[in-house]
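Okay, structure first, notes after.
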Amino acid sequence: MEPVSAEEAAKITAYLDVHAPPSQPTAHIIFGTNQLIPAEVAARQYHRGLASLIILTGGVNRHTGVIEAEEHRRILLERDVPEPVIRYEARSTTTQGNVEQALPLLREILASNMSLTAVCKWYHRRAIQQLRAALPEAPCFYAVTWEPHYGGHAVTRNDWWTRSSVGAQRVLREWRTIPARLATGSLKEVNLVNGTWR
């Protein structure tokens, strides 16, 4: 992997970072992952009164064999999030699949005039762009983000390009994947306007 300069890293971070938390209750959608942190984030949001409904996505993880949505459901229940607050799909294996499989639930939420908050890695701009592509009728999206860990290292906004080559590869893969998918129309660009993604 070619080294990334601090200047280039700042540009990449500024573009990819999607953190835009809600200040009022919204439905939260957790994008599939084998890491448990997003379920913990969503549970905290619920107990703060900010997550009135939590949608879990993710089928069998290719690395661990666990069903991601079911693992996240277990964490939520252990953190005293009531079962009626949780909905999930357990078939998808990609970001696009997460949104496509959850689409009936997402449309139901929008029809009830509730806003959506993505719970995703801080650099997972593709998640918001995927929501925008699938739900052009949504007025806006929020995002509550978290820092993933790979090989014992957190992938942070401050030093992802120097801390871990695995983390750097993941951030750079997002950065490099997005333009081609925008060009094909499978993603739609979003802009941060008054604290929401539009």
Quick one: in region 100-126, of everything that is surrounded by fewer than 24 Cβ atoms within 10 Å (Cβ to Cβ) and of a type in the set (A, V, I, L, M, F, W, C), which residue is farthest from Arg157 (Cα to Cα)? Ala111
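Could you check, for region 15-25, whether at least one of its residues is crowded, with 19+ Cβ neighbours inside 10 Å, hydroxyl-bearing (Ser, Thr, Tyr) and not in a strand (DSSP E or B)?
no
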Do we find a residue being hydrophobic (A, V, I, L, M, F, W, C), free of Cβ contacts under 8 Å to residues at least 60 places away in the same chain and in contact with a His (Cβ under 7 Å, 6 or more places away or on another chain) anywhere in region 56-78? yes
Any residue in region 127-139 that is without any contact (Cβ under 8 Å) to a residue 60 or more places away in the chain and in contact with a Gly (Cβ under 8 Å, 6 or more places away or on another chain)? yes
Answer residue from region 129-154, given it is buried (at least 21 other Cβ atoms within 10 Å of the Cβ) and of a type in the set (A, V, I, L, M) and is nearest to Leu110 (Cα to Cα) among those: Leu131
Residue hits (region 136-188; part of a loop (DSSP other than H, G, I, E, B) and modelled with pLDDT under 95) are Gly151, Gly152, Ser164
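The values are calculated or read from the model by the stated rules, or taken from the named source; none is laboratory data. Bear in mind that the values here come from a model prediction, so they are computed numbers and not experimental data. Cβ coordinates were reconstructed from backbone atoms using ideal geometry, including for glycine residues, and neighbour counts include every protein chain displayed.
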